[in-house]
């Protein structure tokens, strides 16, 4: 069991790991895309393929995280090294087909780090009697998004190229991964083959996985298309450039607030309330179009997506027992699958059936509400007196 003095180091290392893997490896492309369009003439279609490559990599990373014969600490180190390398290499070349490779690698690596960090930190914070401090760990995602957004905005305003910005972020990741060394020292085991093969036998685990996958589907549609709507309504480049850092700060503070609320509200109930708020935010722009609705949607979705992520990971830890890492990986894969399916289904329906964006937002809301229905029944929790193997 971790002693009280080791908890702050554990939390800080987890915060940094998620800030690097998600804020840079996963989401740095969002603020860098306009810079790449300006510097290199990157088209929207090409940008879309680069984003899709990262989504596919994330899905592959989540799947492989459940089966790789590595300990969680090894998975973490490998993931962070790949994030640093693939990010820097984005600035080393200007060949689009090569970018596809590096964004795919970054997606794989960021999924590895998320699964490993959640597995390592949540188990030990729970054993130390401080599970609510998981909010600080998951605040790293929003903190990384905010920092990356501000760095990209500053680079753009100072005329620094997108290539040099990619190189800078890669170097920052390489230096920052040293701060995660408290997680390197944790001795863990790789998941056994029997554990991995039995991962989906429990119907409650399947319900949890489906619930989280529907969250991924419902979240990604507004996250993909609402920024484009906001861009039409906001002409000021500086104001629009601040949108991504503000989104990240909202995500960070929401997980901190969630950590406090977990002391008073049951995890499943807080998840249900957060997802209902997200569903309201998703559908508002379709019901009442306008800038005010888009801002409301951004607050509702941005303020809850990391809360639901954190609560889903915590529930997987509580329910998974010795299979916690496998269950966390499966939830991450289900989210990635939902995230991939959303834009693809909308694009096909829009092209062949004339389905509008408003209709897709109703569909996203329905997916979130269905996920809420799955949350009405409690999930059995694994009772153990020792840390599960991760």
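What follows draws every value from the coordinates through simple rules; no lab data is involved. Because the structure is predicted, anything quoted here is derived from the model rather than measured. When we count neighbours, we look across all protein chains shown, and the Cβ atoms used for this are built from the backbone with ideal geometry, even at glycine.
Overview of results
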item	result
Highest average packing first - 67-75, 90-98, 110-118, Cβ atoms within 10 Å	110-118, 67-75, 90-98
Ranked 132, 203, 317, criterion: other C-beta atoms within 10 Å, fewest first	203, 132, 317
Protection proxy ranking, peptides 18-30, 140-152, average beta carbon neighbours within 10 Å, highest first	18-30, 140-152
Mean residue ellipticity (222 nm) of the chain, computed from DSSP H runs ≥ 4 via -39,500 (n - 2.57), nearest 500	-26000 deg cm²/dmol
Burial ranking of peptide ranges 58-65, 303-310 (average Cβ count within 10 Å, highest at the top)	303-310, 58-65
Cα gyration tensor shape of the stretch 131-184, rounded if a/c is under 1.5, else prolate or oblate by comparing a/b with b/c	oblate
Which of 352, 205 has the fewest Cβ neighbours within 10 Å, and the rest in rising order	352, 205
Per-residue Cβ neighbour rank within 10 angstrom, fewest leading, 104, 319	319, 104
Pair residue 362, residue 299: separation of 7 Å Cα→Cβ label points (nm)	2.6
Shape category assigned to the stretch 266-390 from the gyration tensor of Cα positions, a/c cut at 1.5	prolate
At R0 = 30 Å, FRET efficiency that the Cβ-Cβ distance of residue 204 and residue 288 yields, to 0.05	0.20
Cα shape, the stretch 58-170, gyration tensor, a/c 1.5 rule	oblate
